[in-house]
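*Asks:* I have a structure here, written as structure tokens, and I will follow up with some questions on it.
Please treat every number below as a calculation from the coordinates, not as lab data. All values reported here derive from a predicted model rather than from experimental measurement. FYI the Cβ positions are ideal-geometry reconstructions off the backbone, even for glycines, and counts take in every protein chain you see.
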Number of protein chains: 2
Amino acid sequence: MSGARDLPHPDTATLLLTDVLFALSDPSRLALVRRLAQGPLEVAACQPTGGEVPKSTLSHHLKTLREAGVIRNVPEGRQRYVSLRRQDLDERFPGLLDAVLAAPSQ
Amino acid sequence: MSGARDLPHPDTATLLLTDVLFALSDPSRLALVRRLAQGPLEVAACQPTGGEVPKSTLSHHLKTLREAGVIRNVPEGRQRYVSLRRQDLDERFPGLLDAVLAAPSQ
DNA sequence: CGAATAGTTCAACTATTATCGAACCATGTC
DNA sequence: GACATGGTTCGATAATAGTTGAACTATTCG
């Protein structure tokens, strides 16, 4: 596989609850999702606040979230924009994202 | 550690969202939680419907759920009763369990 | 007490995930 | 075209999680 321009995103109707829960069960991924709830970010801005992490590690977490259907990752010029698939998640799993975002973050 | 009569259960106020999400992210554990939503079960009845699994495997999954704070596992005579910590979860993570239970199971 | 029953814990092994450097791919700029 | 920039993918290794048989603990019953 080589630098595919458009990364694959699963259809809303096929999203699996267990995949979503797993993707959200990692503290750093969950923290990112909380930030994405306030608006899209470019990949570089998805770095955990405070610590720098290698690009490949960040990309791996984005992949996990994307393949679970939690985020969308689309090219935009030379960068990529990462956004929460909020409506899709609300449609498929009503109330789930709201509950997760409302929960104590620690 | 030897056959402790009363297994440890985390306090409601200390439950971590990521631990709960992780515990629920396994299909067989999630299926069990759905069944527990209808009432407590003895451990033997926690077997996945259809396939038999070794006692040790089942016990391991129960431990994961218990340590995350999702279930309670209490001795009752010679058996143990497993139940959902529904109120505790609702108190700590309002709406989460409802959303999970309402979600499509596949 | 001895045996049966119900389940947890231990230890070893397998499988899945996480981490990270290096290679690679597109886009934009000179 | 050459090069810098922004990111993904690959491959290897480390860490974590799942699976299971065997050993062990507690309780009940004869």
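*Asks:* Could you tell me which residue of segment B:41-61 is farthest from DNA strand D (Cβ to nearest atom), considering only residues that are within 25 Å of residue B:104 (Cβ to Cβ) and not in a helix (DSSP H, G or I)?
*Replies:* So the residue we want is B:41.
*Asks:* Of everything in segment B:1-40 that's free of Cβ contacts under 8 Å to residues at least 24 places away in the same chain, in a helix (DSSP H, G or I) and within 14 Å of DNA strand C (Cβ to nearest atom), which residue is surrounded by the fewest Cβ atoms within 10 Å (Cβ to Cβ)?
*Replies:* B:27
*Asks:* If you don't mind, there's one more thing I want to ask. Just the residues that are touching a residue at least 40 places away in the same chain (Cβ under 8 Å), away from DNA strand C (no atom under 14 Å from the Cβ) and more than 14 Å from chain A (Cβ to nearest Cβ), please, taken from segment B:45-85.
*Replies:* B:84, B:85
*Asks:* I'd like the full set of residues that are touching a Pro at 6+ places or on another chain (Cβ under 7 Å) and either exposed (fewer than 12 other Cβ atoms within 10 Å of the Cβ) or under 15 Å from residue B:24 (Cβ atoms) (or both), limited to segment B:68-81. Outline the logic, then answer.
*Replies:* Taking segment B:68-81 as the starting set, the residues that turn out to be touching a Pro at 6+ places or on another chain (Cβ under 7 Å) are B:69, B:81.
Answer for segment B:68-81, where residues must be touching a Pro at 6+ places or on another chain (Cβ under 7 Å) and either exposed (fewer than 12 other Cβ atoms within 10 Å of the Cβ) or under 15 Å from residue B:24 (Cβ atoms) (or both): just B:69.
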